[in-house]
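Enquirer: A single structure is presented below for examination.
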Amino acid sequence: MAKAASGNKARRAIPPAAKTKRAKAPTTAKRSAKAAAGFDIEAKELSKAIAEAAFRSGDYPYDKRMKRKHYERELEPLQIELLKLLSWAREHGERIVLVFEGRDGAGKGGTIARFTQHLNPRQARVVALSKPSDTEKGQWYFQRYAAQMPTAGEIVFFDRSWYNRAGVERAMEFCSVEETDAFLREAPAFEGMLVRDGVRLIKLFLTIGREMQMSRLHARWHDPLKRWKLSPIDFEAIPRFDAYSRAFEQMLARSSTEWAPWTVIRANDKFRARLNTIRHVLHAVPYKDKDEKAIGLTDTGIVLAAADYLNDGGES
């Protein structure tokens, strides 16, 4: 029976050995990043104009960040509710899939980490697949993702997913327009099969403004503990920002369906994004002994249905 989800520095010296292991941006990619809107990822300081515009970029609805003390106070009861949800899923043999997509630096990994922080990893599994092998390239496109679907009593978090074909691959021109078009016709059918088989599928798209993306990528480059997160593709995120916008808007418009809708999360403020993403998921799943007061209301300025987001200007 179908179960569609409801609702839409301190700086320290780095030893020479450590320096040799740190990621290096390809020369051409670094030049592209420098040329994009005056952004230089290697500059010691982010330009004043970019830093001042970052938080409100992408028409973000708040002027100030949520305070950490406030965030931590709201996070704990939500994580307790997540434990209830997982217990219910295990007891009733539920299969839940959470798909996280979005721009580089939007906070997908950090948000997933707050979901799974206190969950039993035997029942809550994160899937972040690397690029396909030669064998996988010769398979049905969805095959390696289908192999990662949850068993009874399990939640699977996809940190990027089959939507690579409509996002990263399209913006980076790793696939043709025809391949993307075919994918966008087939993805709703693939997801329909999952939902009709009883999988609860929730798709989440995290978005940030152009200057916020610059700020976060710049911070990663200058933090030796986070530089590993940067790949050659990340260095193309800024010069190809508009290409990503077009790809994501097409993806949201064509693959948000009644049985598997997209929900957009405005993520310029990581704290608000994490709290409201968890709230949205808790509201969407009918688990036992749900405490609506502890969950609280979802912020409609942060969490939007795909259609409402696109009608409000989308990624443009």
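The values are calculated or read from the model by the stated rules, or taken from the named source; none is laboratory data. Model, not experiment: these values are computed from the prediction. Note: ideal-geometry Cβ built from the backbone for every residue, glycine included; neighbour counts use all protein chains shown. Ligands, DNA and RNA are stripped out before the accessible areas are found, and what is left, the full protein with its side chains, is counted by its heavy atoms. Shrake-Rupley method; radii C 1.70, N 1.55, O 1.52, S 1.80 Å.
Enquirer: Going by average Cβ density within 10 Å per residue, which order do the peptides 200-213, 217-230, 257-270 take, highest to lowest?
Expert: Listed from highest to lowest mean packing, they are 200-213, 257-270, 217-230.
Enquirer: With all protein chains present and a 1.4 Å probe, how do Arg274, Arg185, Arg125 order by accessible area, largest first?
Expert: Solvent-accessible surface, decreasing: Arg185, Arg125, Arg274.
Enquirer: Right, another one. Taking 0.36 nm per residue of sequence separation and subtracting the Cα-Cα distance, how much length would be gained by fully extending the chain between Ala243 and Arg125, in nm to one decimal?
Expert: Result: 39.3 nm gained on full extension.
Enquirer: Still on this structure, I have one more. So which aspartates and glutamates can Lys137 reach, going by Cα to Cα under 15 Å and dropping same-chain residues fewer than 8 places off?
Expert: Straight-line reach from Lys137, under 15 Å: Glu169, Glu179.
Enquirer: Quick check on the chain: of the DSSP beta bridges with both residues there, what percent are antiparallel, nearest 5%?
Expert: 10 percent
Enquirer: Still on this structure, please answer the following. How far apart, in nm, are two points set 7 Å out from the Cα along the Cα-to-Cβ line at Arg56 and at Arg73?
Expert: So the label points at Arg56 and Arg73 sit 2.7 nm apart.
Enquirer: For the stretch 202-312, just say rounded, prolate or oblate: build the C-alpha gyration tensor, square-root its eigenvalues into a ≥ b ≥ c, call rounded for a/c under 1.5, and beyond that prolate if a/b exceeds b/c, oblate if not.
Expert: Oblate, because a/c is 1.5 or more while a/b does not exceed b/c.
Enquirer: With N set to the residue count of the stretch 134-240, report its C-alpha Rg divided by 2.2 N^0.38 Å to two decimal places.
Expert: Ratio of Cα Rg to 2.2 N^0.38 Å: 1.27.
Enquirer: Using the beta-carbon distance between Asn311 and Ala189 and R0 = 22 Å, what value does 1/(1 + (r/R0)^6) give for FRET efficiency, to the nearest 0.05?
Expert: 0.30
Enquirer: Which of rounded, prolate or oblate describes the stretch 175-231 when judged by the alpha-carbon gyration tensor and an a/c cut-off of 1.5?
Expert: Prolate, since a/c reaches 1.5 and a/b exceeds b/c.
Enquirer: Let a ≥ b ≥ c be the square roots of the eigenvalues of the Cα gyration tensor of the stretch 51-184; is it rounded (a/c under 1.5), or, if not, prolate (a/b larger than b/c) or oblate?
Expert: In terms of gyration-tensor shape, oblate.
Enquirer: Could you derive backbone 3J(HN,Hα) for the stretch 254-268 from the dihedral phi with the Karplus parameters 6.51, -1.76 and 1.60 (θ = phi - 60°), listing whole Hz in sequence and x where the residue is Gly or Pro?
Expert: For the stretch 254-268, the Karplus curve yields 9, 10, 8, 10, 4, 8, 8, x, 8, 10, 9, 10, 6, 10, 4 Hz.
Enquirer: Starting from the 7 Å offset along Cα-to-Cβ, what nm value, one decimal, do you get for the label separation of Trp259 and Glu42?
Expert: Inter-label distance under the simple model: 5.1 nm.
Enquirer: Divide by every residue of the chain the summed helix terms, -39500 (n - 2.57) for each DSSP H run of at least 4, and state the resulting mean residue ellipticity at 222 nm, rounded to the nearest 500 deg cm²/dmol.
Expert: Mean residue ellipticity, 222 nm, calculated: -13000 deg cm²/dmol.
Enquirer: Quick check on my link table: of Lys67/Lys270; Lys108/Lys226; Lys67/Lys108; Lys64/Lys270; Lys203/Lys288, which ones sit more than 18 Å apart, alpha carbon to alpha carbon?
Expert: Lys67/Lys108; Lys203/Lys288
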